[in-house]
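Notes to accompany the following structure.
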Amino acid sequence: MPDDDEQIRALITRWAQAVHNGDIQAVLADHAEDLLLYYVTPPHEGIRGLAAYRVLWPPFFAWQALGARFEIDTLDVVAGADVAYAHALLRCGTPEELAERPTLRLRLTFGLRKEHDRWVIAHEHHSFPHD
């Protein structure tokens with residue numbers, strides 16, 4: 001069986017591929033019901049719960065279907081016995097945006113916990129650097 005670090009890497013990689021594919025069920029699959037998300041856009045107090053998280057994705061999928069990329073560039077994981085965190089940089093943008101700003105990366109931070117011997121994402125933070 002893969003160790004915790006490998007399990008978390010696989011989980012986040014699956015999540016990113018699901019986002020890229022516009023597969024809402026797979027995007028939601030490994031998240032806690034009480035998820036807290038701090039997102040690029042308001043509300044600034046965050047989005048709480050899996051139902052609210054679900055609502056966030058269809059507009060993003062529609063934008064992404066126009067040819068945008070969403071792919072992991074770097075991913076680092078630190079796992080304890082029952083909690084872990086990970087941070088990643090992703091290429092996220094249209095070909096034009098990425099050509100104009102080739103070093104632009106979406107910053108992601110994940111807080112995970114183990115529930116019933118399975119890792120779930122309990123916290124996400126998405127941000128772009130502000131110039």
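Counting only residues that are surrounded by 15 or more Cβ atoms within 10 Å (Cβ to Cβ) and farther than 26 Å from ASP5 by Cα, which one in segment 91-111 is farthest from the chain's Cα centre (by Cα)? Before you say what the answer is, go through the steps one by one.
Taking segment 91-111 as the starting set, the residues that turn out to be surrounded by 15 or more Cβ atoms within 10 Å (Cβ to Cβ) are 91-93, 98, 104-108, 110-111.
Still in the running and farther than 26 Å from ASP5 by Cα: 93, 98, 104.
Working: GLY93: 15, LEU98: 19, LEU104: 16 Å.
Filtering segment 91-111 for residues that are surrounded by 15 or more Cβ atoms within 10 Å (Cβ to Cβ) and farther than 26 Å from ASP5 by Cα, the one farthest from the chain's Cα centre (by Cα) comes out as LEU98.
What's the total number of residues in segment 89-106 that are assigned to a strand (DSSP E or B), closer than 19 Å to GLY22 by Cβ and of a type outside the set (D, E, K, R)? Can you show your working first?
So in segment 89-106, the residues assigned to a strand (DSSP E or B) come out as 89-93, 106.
Narrowing further to those that are closer than 19 Å to GLY22 by Cβ: 90-93, 106.
After this cut, where a residue has to be of a type outside the set (D, E, K, R) as well, the list is 90, 92-93, 106.
Residues in segment 89-106 being assigned to a strand (DSSP E or B), closer than 19 Å to GLY22 by Cβ and of a type outside the set (D, E, K, R): 4 in total.
Restricting the first member to segment 6-34 and to residues that are touching a residue at least 60 places away in the same chain (Cβ under 8 Å), and the second to residues that are crowded, with 19+ Cβ neighbours inside 10 Å and assigned to a helix (DSSP H, G or I), the beta-carbon pairs closer than 6 Å and six or more apart or on different chains are ASP30/LEU11.
If the condition is being more than 18 Å from ALA68 (Cα to Cα), at pLDDT below 95 and charged (D, E, K, R), then segment 79-117 contributes only ASP117.
Looking only at residues in segment 44-63 that are in contact with a strand residue (DSSP E or B) (Cβ under 6 Å, 6 or more places away or on another chain) and assigned to a helix (DSSP H, G or I), the one that is surrounded by the fewest Cβ atoms within 10 Å (Cβ to Cβ) is LEU50. Beta carbons closer than 8 Å, at least 6 apart along the sequence or on distinct chains, pair a first residue in segment 57-79 that is in contact (Cβ under 8 Å) with a residue 24 or more places away in the chain with a second that is part of a loop (DSSP other than H, G, I, E, B) and crowded, with 17+ Cβ neighbours inside 10 Å for ASP73/ARG105.
Any residue at all in segment 103-112 that's basic (Lys, Arg), without any contact (Cβ under 8 Å) to a residue 24 or more places away in the chain and over 21 Å from ILE47 (Cα atoms)? Scanning segment 103-112, I find no residue that is basic (Lys, Arg), without any contact (Cβ under 8 Å) to a residue 24 or more places away in the chain and over 21 Å from ILE47 (Cα atoms), so the answer is no.
Scan segment 112-130 residue by residue and report those that are aliphatic (A, V, I, L, M) and surrounded by fewer than 16 Cβ atoms within 10 Å (Cβ to Cβ).
Going through segment 112-130, the residues aliphatic (A, V, I, L, M) turn out to be 112, 120-122.
Scanning segment 112-130 gives no hits.
From the list ALA88, ALA68, ALA79, the lone residue that is touching a Gly at 6+ places or on another chain (Cβ under 8 Å) and crowded, with 17+ Cβ neighbours inside 10 Å is ALA68.
The values are calculated or read from the model by the stated rules, or taken from the named source; none is laboratory data. Given the structure is predicted, the values throughout are model-derived calculations rather than measurements. Using ideal geometry, Cβ is built from the backbone for each residue, glycine included, and neighbour counts are taken over all protein chains shown.
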